[in-house]
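Engineer: Quick one: this structure, given as structure tokens, is what I'll be asking you about.
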Amino acid sequence: QVQLVESGGGLVQAGGSLRLSCAASGRTFSNYALGWFRQAPGKEREFVAAISGSGGMTDYASSVKGRFSISRDNAKNTVDLQMNSLKVEDTAVYYCAGTRDYGGRLYLAHYDIWGQGTQVTVSS
């Protein structure tokens, strides 16, 4: 079983950048597509980005496309989310999650492994 631990959150001014990292334990990391989700106060958890097990396919929410970039290193069991041109509305707790089904990458119910989350706060 893979376990996920996020890091890299923090406080940044609008227009700035942050890089989130998700470290995974377990031998079957490359069998999992990895996704990033976020949840702002009072809102539902939403899809941000996903990457296939091999890293060859990626997908992004329209709200972050062109600003965020997801990548993974299967040798190091890590997946990163580079966030540039941050906006106040990007403020949320960001979660790393794993699924064996890249086809279901947009949907929370398809993910069976979740990290504990890391807070990202963007100030104006």
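The values are calculated or read from the model by the stated rules, or taken from the named source; none is laboratory data. Worth saying up front: this structure is predicted, and the values here are computed from it rather than measured. Reconstructed Cβ throughout: ideal geometry from the backbone, glycine too, with neighbour counts over all protein chains shown.
Engineer: Could you say whether any residue in the stretch 27-35 is over 19 Å from Gln1 (Cα atoms) and out of contact with any Phe, Trp or Tyr (no Cβ under 8 Å at 6 or more places or on another chain)?
Structural biologist: In the first step, residues of the stretch 27-35 are kept if they are over 19 Å from Gln1 (Cα atoms); the result is none.
Within the stretch 27-35, none of the residues are over 19 Å from Gln1 (Cα atoms) and out of contact with any Phe, Trp or Tyr (no Cβ under 8 Å at 6 or more places or on another chain).
Engineer: Six or more apart or on different chains, Cβ atoms under 8 Å: show the pairs whose first residue is in the stretch 103-124 and in contact (Cβ under 8 Å) with a residue 12 or more places away in the chain and part of a loop (DSSP other than H, G, I, E, B) and whose second is of a type in the set (Asp, Glu) and surrounded by 13 or more Cβ atoms within 10 Å (Cβ to Cβ).
Structural biologist: Note: pairs meeting the criteria are Arg105/Asp59; Leu106/Asp59; Gly115/Glu6; Gln116/Glu6; Gly117/Glu6.
Engineer: Right, here's the next one. Residues in the stretch 3-12: is at least one in a loop (DSSP other than H, G, I, E, B) and loosely packed, with under 15 Cβ neighbours inside 10 Å?
Structural biologist: The answer is no, given that none of the residues of the stretch 3-12 is in a loop (DSSP other than H, G, I, E, B) and loosely packed, with under 15 Cβ neighbours inside 10 Å.
Engineer: Give the residues of the stretch 79-98 that are buried (at least 17 other Cβ atoms within 10 Å of the Cβ) and out of contact with any Leu (no Cβ under 8 Å at 6 or more places or on another chain), sorted by residue number.
Structural biologist: Across the stretch 79-98, the qualifying residues are Asp90, Thr91, Ala92, Val93, Tyr95.
Engineer: Could you figure out which of (1) in contact (Cβ under 8 Å) with a residue 60 or more places away in the chain; (2) touching a Phe, Trp or Tyr at 6+ places or on another chain (Cβ under 9 Å); (3) not small (Gly, Ala, Ser) isn't true of Gln13?
Structural biologist: All conditions are met except number (2).
Engineer: Considering only the stretch 88-102, state which residues are modelled with pLDDT of 95 or more and part of a loop (DSSP other than H, G, I, E, B).
Structural biologist: Thr91
Engineer: Test of understanding: among Gly55, Gly66, which residue is within 17 Å of Gly16 (Cα to Cα) and without any contact (Cβ under 8 Å) to a residue 40 or more places away in the chain?
Structural biologist: Gly66
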